[in-house]
Every structure is written in structure tokens, then in C-alpha cells.
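Participant: Following this message is one structure expressed as C-alpha cells.
Values quoted throughout were computed directly from the atomic coordinates according to the rules given, and no laboratory measurement underlies them. Remember, predicted model here, so these are calculated numbers, not experimental data. A quick note on method: Cβ atoms are made from the backbone with ideal geometry, for glycine too, and the neighbour counts reach across all protein chains shown.
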Amino acid sequence: MGNTYIKEMFSLEGKVALVTGGNSGIGLGIANGLAKAGADIFIVTHSGRNTEEVRAEIEGIGRKVEFFQADLSIEENTTKSIEKCIEAFGQIDILVNNAGSIYRESLLEGTNEGWKNIIDLNLSALYYISKEASKHMVKQGHGKIINIASMLSFQGGKFVPSYTASKHGVAGVTKAFANELAEKNIQINAIAPGYIKTANTKPIRDDAKRSAEILGRIPANRWGEPSDIAGAAVFLSSKASDYMNGHILAVDGGWLIR
């Protein structure tokens, strides 16, 4: 009985998930998790790196995977990404807006171009691709959109004003999208990862003093792994979360409660 319930509530068999930035870091952890739950995967990648390795991983799980290389900060590429996914698989059931970047510079010394680049990718691209995906989800009568927020959706951070603004924006549009699309059986939620071992956090992890300060505030007493985000992504992609909308789910080892 238990196995039947788990399969009914959490299985993603027959589903197609588009994961932006799904070829590395948190995105790859999520893509692998969704594949293990039964979804076929469409990955939009800026760099095009690791695609053969990622293909081997996901096909090794027994699922299909296709790739599209594109710079999502260019608006037309967001539309193309959805079109290519539909061409490849005929549907899109799950959109994971994971692609993003960070620009570390103080307010006094940072450039306006640096600000714009982060807002264009982390926030505007998310809006554009979600808009296109939603059109197909409305026609299908169902859909799941998962946005990747951040601890800096709740806090101010330091020396990362553009990233902080973009991630506050991600939390805001998650709620706004939910207010509009919930009645159409589309669930839009966000995951706010804590401090995860990725390329973006490497400069902090390499700073012994800063890394120790961070670990000292995390009750779990460790940095998170990309795989730690996968379970939350499977939950938010599955039937189990059908009555969740507009929620920002922190997966942070307890950082926010300290």
C-alpha cells in the first residue's frame, strides 16, 4: 500500500521537465532527481559544457535527455527554448528556472553593466521563459514552475546588490505568477537553497574565515550538496504539491532559523 501511495503522489513518469542551467551545480542535481523520479529532461545550457557526461548520467537512469545551447539573457532565446522542448518531447510539464549568475562588487565600485547583466539573466529571463511555458501549460490544463530563489531572497547580503535584488524579485514574481495561474491548475513555487557547494560559492568556500563564519551559523554544520535540492524539486514537481502555490521553500540546513 505504501509503495502505491508513493508512486501515485511522487512519480513523474510521463512528464517532461525543462531545467535551465541543468548541466552543472544545483541544476544538474535537480535534473538527476527529476529523472530518477521518472521525468524526461530538456536542458538549456549557456556554456554547452558537460553535455555528453550529463547525457550519460540521465540516460543511465533510463530517461531521455535533450540539450539546447542558448544565452537566456537574450529575450528571443527564452521563446526558442520552449519551442525546442516542445519539438523534442511534444510537451512541457515542469519548468525549473535555475539558470543564474552572481556579480560580486560593492555598490560604490560596481558597474551599471554588471547590474544589468544579472537582472537580465536572473530575473527578466525567468519572466520571459515562464510566460512562454505557461501558454503551453494552460492548454494542457496543468503545469509546475519551480523558481530557484536564494537566502538573499530574504536577506540583504553584502557586495552583491544586483544578485540580492534579482532574488528578491524571483520571490516576488513567484507569488505574482501563482495569484494569476493557480486557478488554471498551474503551481508556481520557489526553492531557496542555502549555502551549496557550487562554482558560484567557491570564492566563499576558499575563504577560510568566511567559510567558518557560514558553517558556524548552519545548524546542520555542513555546506549543502546540489543533490540536497533534488528532493524538494521532485516534491514541487509532483502531485504531492498540487495545493501549494506561491511558496518559497528554504532548503538551507537551518540557516534562516539561527
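Participant: Could you work out which residue, out of Ile196, Ile41, Ile74, moves most in a Gaussian network model of the chain, that is, has the largest mean-square fluctuation with Cα springs under 10 Å?
Facilitator: Judging by the Gaussian network model, the answer is Ile74.
Participant: Mind listing the long-range amide H neighbours of Gly100? Cut-off is under 5 Å, sequence gap 5 or more, other chains count too, H placed in the peptide plane at 1.01 Å from N.
Facilitator: none
Participant: At R0 = 35 Å, how high is the FRET efficiency between Lys131 and Glu13 if r is their beta carbon distance? Nearest 0.05 is fine.
Facilitator: Working: r = 28 Å, r/R0 = 0.79.
Between Lys131 and Glu13 the formula returns 0.80.
Participant: How many nm separate the modelled label positions at Ser106 and Val138, each set 7 Å beyond the Cα in the direction of the Cβ?
Facilitator: Computed distance between label sites Ser106 and Val138 equals 4.7 nm.
Participant: With angles folded into 0 to 90 degrees, how steeply does helix 51-61 sit against the dominant principal axis of the chain? Use alpha carbons for both and round to 10.
Facilitator: The helix 51-61 is inclined about 50 degrees to the chain.
Participant: If you don't mind, another one. Only Cα pairs under 8 Å and at least 6 apart count here; give the relative contact order of the chain as a rounded whole percent. Could you put the intermediate results ahead of the total?
Facilitator: Working: 498 pairs, mean separation 54.6, N = 258.
Relative contact order here is 21 percent.
Participant: Report the full-extension gain for the segment Thr79 to Lys202: residue separation times 0.36 nm, less the Cα-Cα distance, to one decimal in nm. Could the numbers behind the result be given before it?
Facilitator: On the way: separation 123, 0.36 × 123 = 44.28 nm, distance 3.19 nm.
Between Thr79 and Lys202, full extension yields 41.1 nm more.
Participant: Considering amide H positions built from the backbone, and no H for Pro or chain starts, which residues 5 or more places from Asn147, or on another chain, come under 5 Å of its amide H?
Facilitator: Under 5 Å from the amide H of Asn147: Asn97, Asn189, Ala190, Ile191.
Participant: A further question follows. Could you go through segment 197-205 in sequence order and give the Karplus-derived ³J(HN,Hα) for each residue, using 6.51 cos²θ - 1.76 cosθ + 1.60 with θ = phi - 60°, rounded to whole Hz, and x for Gly and Pro?
Facilitator: Couplings: 6, 9, 4, 5, 9, 4, x, 6, 5 Hz.
Participant: Okay, next question. On a 0 to 90 degree scale, rounded to 10, what angle separates helix 227-237 from the longest Cα axis of the chain?
Facilitator: 50 degrees
Participant: Could you tell me how many degrees, from 0 to 90 and to the nearest 10, lie between the Cα long axis of helix 161-181 and the main elongation axis, the longest principal axis, of the Cα atoms of the chain?
Facilitator: 30 degrees
Participant: Springs between alpha-carbon atoms under 10 Å, Gaussian network over the chain: tell me which of Ile82, Ile204, Ile248 tops the mean-square fluctuations.
Facilitator: Ile204
Participant: What's the local net charge at Arg63, with K and R +1, D and E -1, over the other residues with C-beta under 14 Å away?
Facilitator: On the way: positive: Lys15, Lys36, Arg55, Lys64; negative: Glu13, Asp40, Glu57, Glu59, Glu66, Asp93.
Value of the local net charge: -2.
Participant: Between Tyr243 and Ala182, what is 0.36 nm times their sequence separation minus the Cα-Cα distance? Round to one decimal in nm. Write down the numbers at each step before the final one.
Facilitator: On the way: separation 61, 0.36 × 61 = 21.96 nm, distance 0.91 nm.
Stretched fully, the Tyr243-Ala182 segment lengthens by 21.1 nm.
Participant: Applying 1/(1 + (r/R0)^6) with R0 = 45 Å to the Cβ-Cβ distance of Lys64 and Arg217, what FRET efficiency is obtained, to the nearest 0.05?
Facilitator: Working: r = 41 Å, r/R0 = 0.91.
Computed FRET efficiency for Lys64 and Arg217 comes out at 0.65.
Participant: Right, here's the next one. From the C-alpha coordinates alone, can you work out the Kirkwood hydrodynamic radius of segment 2-252, in Å?
Facilitator: Across segment 2-252, the inverse of the average 1/r is 18.3 Å.
Participant: Let me ask something else about it. Pull up all non-local amide H partners of Ala250: gap of 5 or more, or a different chain, and H-to-H distance under 5 Å with H placed in the peptide plane.
Facilitator: Those qualifying (amide H under 5 Å, at least 5 residues apart or on another chain) are Ala192.
Participant: Moving to a separate point now. Where the only charges are on Cβ atoms (+1 Lys, Arg; -1 Asp, Glu), what is the dipole of segment 2-252 about its Cα centre, to the nearest 20 debye?
Facilitator: On the way: 27 positive and 28 negative charges, 100 e Å.
Dipole size: approximately 480 debye.
Participant: Pick from Val44, Val138, Val96: which is most flexible by mean-square fluctuation in a GNM of the chain where alpha carbon atoms under 10 Å apart are linked?
Facilitator: Result: Val138 has the largest fluctuation of those listed.
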